[in-house]
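Engineer: Below are the structure tokens for one structure; questions will follow.
We did not get these values from a lab; they are worked out from the coordinates using the rules stated. The shown structure was predicted, so the numbers you read here are calculated from the model rather than taken from an experiment. All Cβ positions, glycine included, derive from the backbone under ideal geometry; neighbour counts span all protein chains shown.
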């Protein structure tokens, strides 16, 4: 399980390019920075009011310097602090080049469900709607199936939708998909998985990308 | 003329109390600070982004420190700078205890006309609408009659209205009026003017305040 | 005391709280929520409070401590995931929770704070978070109307305040605090440091003191409260 | 040049201007309008420009210099009183002027800048400044709908910029500049001083660099321009 999450985060890290401004959700997305190339200059934004977040401090963490999950962070040269209205203003305005979010379900149209499982504990939507609405590019990262083995890439979301038509890429431990014009395309298979694995565990119909590749 | 304006400003200064936050329009209102009591602590707000404006600098004026008319000012200890959205936010929100504005016409209902004389040069509304709308207390200061000798306290404004039902007090060189529940009351006569002067030069009907006084 | 000197004690601050009030609170996951004023709120004994803020804190941190006492009837927030008790109270019908997208919520507070009458957005269109909010058609396109919110009382945490109430904040403890200060009828600030008027650079002031009614000296608290105690959850 | 290094020359800045563009400009009565970028705009030869900003400047100061060249077709502003030429052009039908209450105008720019779809206010109700703006009924009360505005290009004056575009401003030269920066597709900043990333205190930054496309070094100007030349009027 831990390894699966690392594998997904490592693959997602390839989507982060030099010079980007990136917002990462909690869970798998928060592992992405561990896999970035050495000399890349990337600014991570946190919706609680930082642009230019650095790694977790090794010591001397400051109580009032945390990421959106409340965990201690550092800042990089050129970072800025701002209030929540500005934080979400830059998100809605389309200033975030890439957002990587966890997901409960994604359908072939790019609809994202990630904020509530009715009848279970209700966490609330947080900043997910704004990120899904505003980010120039949205990648959903998740295990290919849920704990009961049910596909999470679905024909129709059974869970309440966070934002419609927003997901542009899905990365799981089995495969990478793109969604273009509300069509789902298989881009690549992840190491150790076959096309049959993906077909058996994906409810939504999909086509192959023109540059589909099985493995590196 | 100069003396008339000074007289009006001096009378208006009596309305400014210790601890108030005050916004002054251009023209006669800008002369009010010259007549304030020595030990009063008053904060003047300027809608271009200052709370706590001080007097005109005697020398070494700074190019980027001006009032809303573009004239150089200073600041007092405890002053703050802020952007235009915050400047008007505090005005609309009702944080300004008193606004003193010039006026072209005021009617007995408290409607204020002070932004445009159609067909003549068009200055535009500036911040007058927000000040008239938001200030807790609005005093209109003006010459009693216009240059052609026509009354400016009218039954109905012939000029386009800036804001309806906003003026609470009118101060001219002849008299001081209050407007309460859309009724015009004469509070006092200014030195050198008789009741007949005021009646002859005021178009709107008025009653007498319970504490009406002719002179000090 | 001059009107411009707003420094007071917790007893005076406490007297501003009342049963049934709408309380705005600053903070994001507990960071930036004034700890001394939360204790003061708890001490005050007030009940039937309508809470508005980013989240429900943690059960032992921030507004969460008050939420767990079941003296709030309503909570408008973007999430309650870090406070399971809030979820339980919601499911038991003891706490009415309205969810808002996080950035929309702070804009609603700002809208009230700057004297506007709400705004339009397409953000939550077609989702459960539309609730029964009015739809407005502008130029053939339908938007959700988001109403302004204001508070009877607002509690704010600042790094420094001068005695007039000019405020500066500390890193990510700024979050919703500036707008809570603007949108509350009675804004109470808990500051780590209180300085004379003129001691703050007018350029660095984030919230002008005009919005502030009372200032109290923070008694300090454990800076590492959030993450060092998250394991408790 | 790395994407995070946005310092460039006036020639590059000039290439961002184009015929028919909507141009947002910072400044209040000339104070805070970038003088070098105004000259650059004039040099560029662009025409049919739609201008949005607080006012029309003075004929020899700020946006006023450009307005007098008759290369703008529209102006959305709160007043033009300090620029009689603008009034003349309006009366001659050469410049279409839309007036807005000053604070409403900056909120419209902000609304565009933070990705919202406009807001409601009762401010200009019943006055000429209602124009034909949509009315919206909420809870039995009628409000004016104020649409967001954005710019193709925005010109901003800052006291200091780091190379990423983090900005701080100078006293009353801040005014509308932060929102012009947020609301423009291509934001160009003229800064008195350009410093390396990390040289600004992250707490004092007013506008995060994320909004900025180009930064040019100001050539300086006469600080006393406004009042020392007002007698000319």
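Engineer: Order of D:182, D:21, A:53 from fewest to most other C-beta atoms within 10 Å? Spell out each step's value before the answer.
Structural biologist: Details: D:182 27, D:21 19, A:53 24.
Fewest-to-most Cβ neighbours within 10 Å comes out as D:21, A:53, D:182.
Engineer: Extending each Cα 7 Å along its Cβ direction at residue D:142 and residue A:71, get the distance between those two points in nm, one decimal.
Structural biologist: About 5.5 nm, to one decimal.
Engineer: Rounded to whole angstrom, how close does the nearest chain B beta-carbon get to the axis mapping B onto A, and which residue is it?
Structural biologist: Of all Cβ atoms in B, the one closest to the rotation axis yields B:85, 5.
Engineer: Using a label point 7 angstrom from Cα along Cα-to-C-beta, what distances in nm, from shortest up, separate residue C:69 from the other copies?
Structural biologist: 6.5
Engineer: Output the peptides B:71-77, D:212-218, C:101-107, C:24-30 sorted from most to least packed, where packing is the average of other Cβ atoms within 10 Å over each peptide's residues.
Structural biologist: Values: B:71-77: 17.9, D:212-218: 21.7, C:101-107: 28.6, C:24-30: 30.3.
In decreasing order of mean packing, B:71-77, D:212-218, C:101-107, C:24-30 become C:24-30, C:101-107, D:212-218, B:71-77.
Engineer: Along Cα-to-Cβ, 7 Å out, sits the label point; list in nm, shortest first, how far the one on residue D:39 is from those in the other copies.
Structural biologist: With the label placed 7 Å along Cα→Cβ, residue D:39 yields 6.0 nm.
Engineer: Okay, moving on. Which of the peptides B:184-195, D:113-124 is most tightly packed, and how do the rest follow, judged by the mean count of other Cβ atoms within 10 Å per residue?
Structural biologist: Values: B:184-195: 16.8, D:113-124: 23.8.
Answer by packing, highest mean first, reads D:113-124, B:184-195.
Engineer: Only bridges with both residues in chain A count here: give the DSSP antiparallel percent, nearest 5. Before the final figure, lay out each step's value.
Structural biologist: Working: 20 of 38 bridges.
Bridges in chain A that DSSP calls antiparallel: roughly 55 percent.
Engineer: According to a simple spin-label model (label point 7 Å from Cα along Cα-to-Cβ), what is the distance in nm between residue C:217 and residue B:35?
Structural biologist: With each label placed 7 Å out from Cα toward Cβ, I get 4.4 nm.
Engineer: Follow-up question, since we're still on this one. For peptide C:26-34, compute the average count of partner chain beta-carbon atoms within 10 Å of each residue's beta-carbon.
Structural biologist: Values: counts 2, 1, 9, 8, 3, 7, 6, 0, 0.
Mean inter-chain Cβ contacts per residue within 10 Å come to 4.
Engineer: Can you work out which chain D residue has the shortest Cβ-to-axis distance for the rotation that carries D onto C, and give it in Å?
Structural biologist: Its Cβ sits closest to the axis: D:119, 2.
Engineer: What is the range D:1-82 by shape, rounded, prolate or oblate, if you read a ≥ b ≥ c off the alpha carbon gyration tensor as root eigenvalues and call it rounded for a/c under 1.5, prolate for a/b larger than b/c, and oblate otherwise? Spell out each step's value before the answer.
Structural biologist: Details: a/c = 2.01, a/b = 1.59, b/c = 1.27.
Because a/c hits 1.5 or more and a/b exceeds b/c, the range D:1-82 counts as prolate.
Engineer: Any idea what angle helix B:2-13 forms with the longest principal axis of chain B, computed on alpha-carbon atoms, 0 to 90 degrees, nearest 10?
Structural biologist: Computed tilt is about 80 degrees.
Engineer: Just check chain C against the gyration tensor rule for me: Cα atoms, a ≥ b ≥ c as the square roots of the eigenvalues, rounded for a/c under 1.5, and otherwise prolate or oblate depending on whether a/b exceeds b/c.
Structural biologist: Since a/c reaches 1.5 but b/c is at least a/b, the shape of chain C is classed as oblate.
Engineer: Order these by the 10 Å Cβ neighbour count, fewest first: B:21, D:186. Show your work: numbers first, answer last.
Structural biologist: Working: B:21 23, D:186 17.
So the ranking, lowest neighbour count to highest, is D:186, B:21.
Engineer: Taking a ≥ b ≥ c as the square roots of the Cα gyration tensor eigenvalues, with a/c under 1.5 meaning rounded and otherwise prolate when a/b beats b/c, else oblate, which class fits the range A:2-213?
Structural biologist: Note, shape of the range A:2-213 comes out prolate.
Engineer: Next question, about the same structure. In the range B:154-191, whose amide N lies under 18 Å from the spot 7 Å out along Cα-to-Cβ of residue B:5? List them in ranges.
Structural biologist: Backbone N within reach: B:171-174.
Engineer: Taking a point 7 Å out from Cα toward Cβ as the label site, list the nm distances between residue B:34 and the same residue in every other copy, smallest first.
Structural biologist: Ordered by distance, the counterparts are at 7.2 nm.
Engineer: I've got another one for you. Of the listed peptides B:87-93, B:157-163, A:173-179, what is their order by residue-averaged count of other C-beta atoms within 10 Å, with the highest listed first?
Structural biologist: Sorting B:87-93, B:157-163, A:173-179 by mean packing, highest first, produces B:87-93, A:173-179, B:157-163.
Engineer: Okay, next question. If you fit an axis through the alpha-carbon atoms of helix D:102-113 and take the longest principal axis of the Cα set of chain D, what angle between them do you get, 0 to 90°, nearest 10?
Structural biologist: Value to nearest ten degrees: 60.
Engineer: What is the average number of partner chain Cβ atoms found within 10 Å of a Cβ in C:159-165?
Structural biologist: 2
Engineer: Per residue of B:66-76, count partner chain C-beta atoms within 10 Å of its C-beta, then hand back the mean as an integer.
Structural biologist: Working: counts 10, 2, 5, 5, 15, 4, 5, 2, 0, 4, 3.
The mean count of partner-chain Cβ atoms within 10 Å per residue comes to 5.
Engineer: Helix C:35-44 sits at what angle to the longest principal axis of chain C, using alpha carbons and giving 0 to 90 degrees rounded to 10?
Structural biologist: So the helix axis and the longest Cα principal axis differ by about 80 degrees.
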